[in-house]
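The values are calculated or read from the model by the stated rules, or taken from the named source; none is laboratory data. Computed from a prediction, not measured in an experiment: that's the story for all the values here. Note that each Cβ is placed from the backbone with ideal geometry, even for glycine, and that neighbours are counted across all protein chains shown. When the accessible area is computed, the model is the full protein with side chains, heavy atoms only, and any ligands, DNA or RNA have been set aside. Shrake-Rupley method; radii C 1.70, N 1.55, O 1.52, S 1.80 Å.
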Amino acid sequence: MTSLEKPDLVTTNVRYRMPSVHPEGRKFVVIAGLIAIFFWFVVGWSWLGWIMAGITLWVAAFFRDPIRTTPKGEGLVIAPADGMVTMIAAVPAPKELMGEDGLGAEPMTRVSIFMSVFDVHINRAPVAGEIKRVVYIAGKFLNADLDKASEDNERQHFLVESADGTRIGFTQIAGLVARRIVPWVKAGDHVAAGQRVGLIRFGSRVDVYLPAGTSSYVLLGQRTIAGETVIAKLGDNAAREGVAQ
């Protein structure tokens, strides 16, 4: 190759793909669509038909299931939910995740991610490992953005133990509109980081409990992408700052 020749470039690309509707939501899309058709062609109320058509599109968007690319790396903790980081606090772990083979009694960093009704609601595992516990707690349906929602609302706790024995807890919390938490894994299952583990219908929150000595990579007000955003690295306790702009 002479000095004037350019070396071949090695390039890769990925085409955009429309997210599919998860099977869990398809029946709701069909129901909303049938109601729209009923108003249009049976009753003749076209204005209600248009409203229901819009609702049908929203339901399809709510249950969308996009493909995510999960970063690989030693000790990475991945966001389990799409949404906004609304709280970062040092708190005790939920009592349901404490005890023998559970999380310790010392305070842990809790990162709370609030999902609006416009966010993807499929939740993913923050780390790879074995599901040690899945604990469902019936409760209230307060605003999921409130701190007390972690203790008062309907919720479902997960405890994951990674290959090196590190345990991470995370919790699905129902909100004002959410009325059902749907798990897709059970105790004894092995999951990959970023793997789909369940969903919460129609607005809610997910809490992640980071072990002592691990600080949050994400900041208050930051938006996360489930299965992609790195929210922490185990053992990294460096403080981080940001600015809203």
Total residues in the range 5-59, condition at pLDDT 90 or above, farther than 27 Å from ARG196 by Cβ and open to solvent by 80 Å² or more (accessible area, probe 1.4 Å): 5
I'd like the residue in the range 153-172 that is more than 15 Å from GLY188 (Cα to Cα) and of a type in the set (S, T, N, Q) and, out of all such residues, is most open to solvent (accessible area, probe 1.4 Å). THR166
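Any idea how many residues of the range 87-104 are open to solvent by less than 60 Å² (accessible area, probe 1.4 Å) and in a loop (DSSP other than H, G, I, E, B)? Steps first, answer last, please.
Within the range 87-104, the subset open to solvent by less than 60 Å² (accessible area, probe 1.4 Å) is 87, 89, 91, 93-94, 96-99, 102-104.
Remaining after also requiring in a loop (DSSP other than H, G, I, E, B): 93-94, 99, 102, 104.
The number of residues fulfilling the criteria is 5.
Here's a check for you: in the range 14-44, which residue that is among the charged types (D, E, K, R) and part of a helix (DSSP H, G or I) is nearest to PRO183 (Cα to Cα)?
Filtering the range 14-44 for residues among the charged types (D, E, K, R) gives 15, 17, 24, 26-27.
If we keep only those that are part of a helix (DSSP H, G or I) as well, we get 24, 26-27.
Details: GLU24: 11, ARG26: 17, LYS27: 18 Å.
Top of the filtered list is GLU24.
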So which residues in the range 202-245 are assigned to a loop (DSSP other than H, G, I, E, B) and charged (D, E, K, R)? GLU228, ASP236, ARG240, GLU241
When the range 109-121 is checked residue by residue, the ones that are hydrophobic (A, V, I, L, M, F, W, C) and open to solvent by less than 10 Å² (accessible area, probe 1.4 Å) are VAL111, ILE113, MET115, VAL120
Which residue pairs have Cβ atoms under 7 Å apart, sit 6 or more places apart or on different chains, and have a first residue in the range 105-124 that is assigned to a strand (DSSP E or B) and a second that is open to solvent by 10 Å² or more (accessible area, probe 1.4 Å) and among the polar types (S, T, N, Q)? THR109/SER215; THR109/SER216; VAL111/SER216; SER112/THR86; PHE114/THR86; ARG124/GLN195
Of everything in the range 48-78, what is hydroxyl-bearing (Ser, Thr, Tyr) and closer than 30 Å to VAL230 by Cβ? Give them in sequence order. THR69, THR70
Check off (1) closer than 27 Å to TYR136 by Cβ; (2) touching a strand residue (DSSP E or B) at 6+ places or on another chain (Cβ under 6 Å); (3) hydrophobic (A, V, I, L, M, F, W, C) for VAL230 and give me the number that stays unchecked. (1)
Of the residues that make up the range 60-68, is at least one open to solvent by 60 Å² or more (accessible area, probe 1.4 Å) and closer than 30 Å to ALA232 by Cβ? yes
Qualifying residue in the range 57-79 (condition: of a type in the set (Gly, Ala, Ser), free of Cβ contacts under 8 Å to residues at least 24 places away in the same chain and in a helix (DSSP H, G or I)): no
From the list VAL197, VAL182, which residue is in a strand (DSSP E or B), over 19 Å from LYS72 (Cα atoms) and under 13 Å from the mean Cα position of the chain (by Cα)? VAL182
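Which members of the range 190-212 meet the condition of being open to solvent by 30 Å² or more (accessible area, probe 1.4 Å) and in contact with a Leu (Cβ under 8 Å, 6 or more places away or on another chain)? Before you say what the answer is, go through the steps one by one.
The first filter runs over the range 190-212 and keeps only residues open to solvent by 30 Å² or more (accessible area, probe 1.4 Å), leaving 190, 192-193, 195-196, 202, 212.
Passing the criteria: only ALA193.
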